[in-house]
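Beneath this line is the structure, given in structure tokens, with notes to follow.
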Amino acid sequence: MSQKILSNILFVIILSIYLWYTFAIVYHLIRFGVGTKPKRMALIFFVGSFILFSATVIFYLKINWQDILIAK
Amino acid sequence: MSIFTFSKNTFEGQLPGEETILVTRKHWIFLVLPLFLIFFLGAIILAFTFWISSFSWYERFSPIWQFILSLIFLILWNLGFWWIMIYSLNTIIITNKRIIENKQLGLFKHIVNELQLKDIQDISVKIIGPFAHLMNYGDIEVQSAGTVAKFFFNQLPWPEKIKNVIMEQKIKES
């Protein structure tokens, strides 16, 4: 039980750091960028980040740890 | 405001009646080179994936490798856009009243230098090296009558043209 709690806490910490970092980049580009190019970069970054993050989560959920850890 | 239409390049701290004449950043080669390294790293990792997929044990471990691969690409994507953010936010803005240099050195490290056009005494352009001549980038040194005697703007594209724009605005302003 404690291992599950620890892994959940670790996951939340990593997710928080990632979301904060993503928000910081988008915020800086939109708030401080001069002209339209930084805003376009922010949009591209956000869309790509979302796609890659979703792919990472999907691939993680597809892992069958039983298959990998038990030798055949 | 649509990000796909023409921009007046307004900025925070713009004074009433102040018009943006030119916004410039470092030469694009200083953005592309680090991005190319990141892209090259991604390509190496993909090539490694193709190589290990030929082994018999790959099928058993492919889900975990796919997860690691997507994580690596997520990290590379964030790294690339960190660099794009730093490049985009480092600007030289020439207005009809002053020159503003924004230096974004990190997420929470930001320097702004400002120079009034009327304080400009002298401008010199330095283009050093064959590569700089080929790619047409250089440094601009501005001698000022203000508190800070000299301003240096490094690795700018078309430095001669930028110098001409500054001199034009200085003449108009005076």
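Points to keep in mind about this one:
- For chain B, the solvent-accessible area of protein heavy atoms averages 60 Å² per residue (probe radius 1.4 Å; ligands and nucleic acids excluded).
- Calculated translational diffusion coefficient of the protein assembly as shown (25 °C, 0.890 mPa s; Stokes-Einstein with Kirkwood radius over alpha-carbon pairs) equals 114 µm²/s.
- Relative to one another, the C-alpha centroids of segment B:22-52 and chain A are positioned 21 Å apart.
- Theoretical FRET efficiency, 1/(1+(r/R0)^6), r = Cβ-Cβ of B:Trp65 and B:Phe39, R0 25 Å, to 0.05: 0.75
- Rolling a 1.4 Å probe over the protein heavy atoms gives segment A:2-69 an accessible area of 68 Å² per residue.
- Accessible surface buried upon A-B contact (total; probe 1.4 Å; Å², nearest 100): 3100 Å²
- Here the accessible area is traced with a 1.4 Å probe on the protein chains. For segment B:1-99, carbon and sulfur cover 74 percent of it.
- Hull volume per residue, based on the alpha-carbon atoms of chain B and their convex hull, is 168 Å³.
- Carbon/sulfur fraction of accessible area - segment A:2-69, other protein chains in place, 1.4 Å, %: 76 percent
- Computed over chain A, Kirkwood Rh from alpha-carbon pairs, angstrom: 14.8 Å
- Contour excess over end-to-end distance, with Cα ends at B:Leu15 and B:Phe108 and 0.36 nm allotted per residue: 31.0 nm
- Separation of the A:Tyr27 and A:Val47 label points, Cα + 7 Å toward Cβ, nm: 2.4 nm
- Contour excess over end-to-end distance, with Cα ends at B:Met135 and B:Leu79 and 0.36 nm allotted per residue: 17.6 nm
The values are calculated or read from the model by the stated rules, or taken from the named source; none is laboratory data. On a predicted model such as this, the values are computed, not experimentally measured, just so you know. Neighbour counts are summed over all protein chains in view; Cβ atoms, including those assigned to glycine, are modelled from backbone coordinates with ideal geometry. Ligands, DNA and RNA are excluded from the accessible area calculation, which covers all protein heavy atoms including side chains. Shrake-Rupley method; radii C 1.70, N 1.55, O 1.52, S 1.80 Å.
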